[in-house]
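Heads up, the thing below is written out as structure tokens.
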Amino acid sequence: MKRFYKDVTTTDEGGILLDGRPVKTPARAPLLLPNAAMAEAVAAEWRAQGDEIDPRSMSVTGLANAALDRVSANPAEFAAGLAQYGETELLCYRAEDPPELVARQAQRWDALLDWARTRYDVEFTLVTGIMHKPQPLSTVLRLGDAVAAANPFQLAALSPIVTISGSLVIGLALLEEAILPNDAFDAAHLDELWQVEQWGEDDLALETREIRRRDFLAACRFLELAEAG
């Protein structure tokens, strides 16, 4: 789409105006952001566009659209879908060998599980290998309650975070500001990064991982904006 506007401003209600006309979501709902920080971030993306509008460079706008069009209609159902990741929590599936990888998983992942145990009063079943073992029902329910307490904008951010990482615990740790975004991404990709150390980097795998990192960090930024005053 060609750029069709010159001026971008925000309203007191959290809206975005292009040459005085309000921006709407793809579903034609008013694009109203929950706070001034997010509204300004969205406005900055619109201002930064060149002669053509590139949606790929507008991650905050895209996640805001998702929050309003996809999540707000039924936040409980959306949260329940994310909560299912607690049943197959990445951090609970451990390697059998080599010992160096086993030790690294324990060092990085045990700390996150210990945080979740303390924060939510839950326990986890650790699994060696890839065979599925269910997590305690009380754990699944309590983690699900924590997700359900998030607002639609937080849920929109958690969706790519949890799906990219495969870890509900990592998503909740980011929500609670218990881990930094880059550390969270590296923890989720611990096995892959360990393989790189052993055998070297594959160019295609690196490109794919960096795309995931970009999307993951964009969602982390949106999560921070969703909590801004």
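Points worth noting:
- Extension gain, LEU204 back to ASP110 (0.36 nm per residue minus Cα-Cα distance, nm): 30.8 nm
- Under a model in which nothing but the beta-carbon of Lys, Arg (+1) and Asp, Glu (-1) is charged, the chain shows a dipole of about 780 debye around its Cα centre.
- Alpha carbon centroid spacing (whole Å) that separates the stretch 125-148 from the stretch 66-119: 9 Å
- Scanning residues 5 or more positions from ARG94 or on other chains, those with amide H under 5 Å from its amide H are VAL127, THR128, GLY129, with H placed 1.01 Å from N in the peptide plane.
- Each of GLY171, HIS132, PRO99 was scored by the projection of its Cα onto the charge dipole of the chain, and the greatest displacement toward the positive side belongs to GLY171; charges sit on the C-beta of Lys, Arg, Asp and Glu.
- Cβ-Cβ distance of ARG56 and VAL196, R₀ of 30 Å, FRET efficiency by 1/(1 + (r/R0)^6): the value works out to about 0.70.
- Working note: 222 nm ellipticity from helices only, DSSP H runs with n ≥ 4, each -39,500 (n - 2.57), summed and divided by the residues of the chain, gives -17500 deg cm²/dmol to the nearest 500.
- Förster radius 25 Å - calculated FRET efficiency between GLU177 and ASP97, Cβ distance, rounded to 0.05: 0.10
- Helix 190-199 and the longest principal axis of the Cα set of the chain meet at an angle near 70°.
- Cα-based shape type of the stretch 75-226, given that a ≥ b ≥ c are square roots of the gyration tensor eigenvalues and the cut on a/c is 1.5: oblate
- Full-extension gain in nm, ASP12 to ARG28, via 0.36 nm per residue minus C-alpha separation: 3.7 nm
- Projecting the Cα atoms of GLY15, ILE161, VAL147 onto the charge dipole of the chain, computed from C-beta unit charges around the Cα centre, puts GLY15 farthest toward the positive end.
- Extension gain from THR118 to ALA76, taking 0.36 nm per residue of separation minus the Cα-Cα distance: 12.6 nm
- In Hz, Karplus ³J(HN,Hα) per residue of the stretch 205-212 (6.51, -1.76, 1.60; θ = phi - 60°; x = Gly, Pro): 5, 5, 4, 5, 5, 5, 5, 4
- From the Kirkwood radius over Cα pairs of the stretch 8-71, Stokes-Einstein at 4 °C and 1.567 mPa s returns a whole-number translational diffusion coefficient of 111 µm²/s.
- Magnitude of the charge dipole, the stretch 78-190, Cβ model with Lys/Arg +1 and Asp/Glu -1, debye to 20: 160 debye
- For GLY15, nonlocal amide neighbours, meaning residues 5 or more places apart or on other chains whose placed amide H falls under 5 Å from its own, are LEU33.
Read-outs: derived from the displayed coordinates by stated rules, not from any lab. Please read all numbers here as calculations on a predicted model, not as lab measurements. Cβ atoms come from the backbone with ideal geometry, glycine included; neighbour counts cover every protein chain shown.
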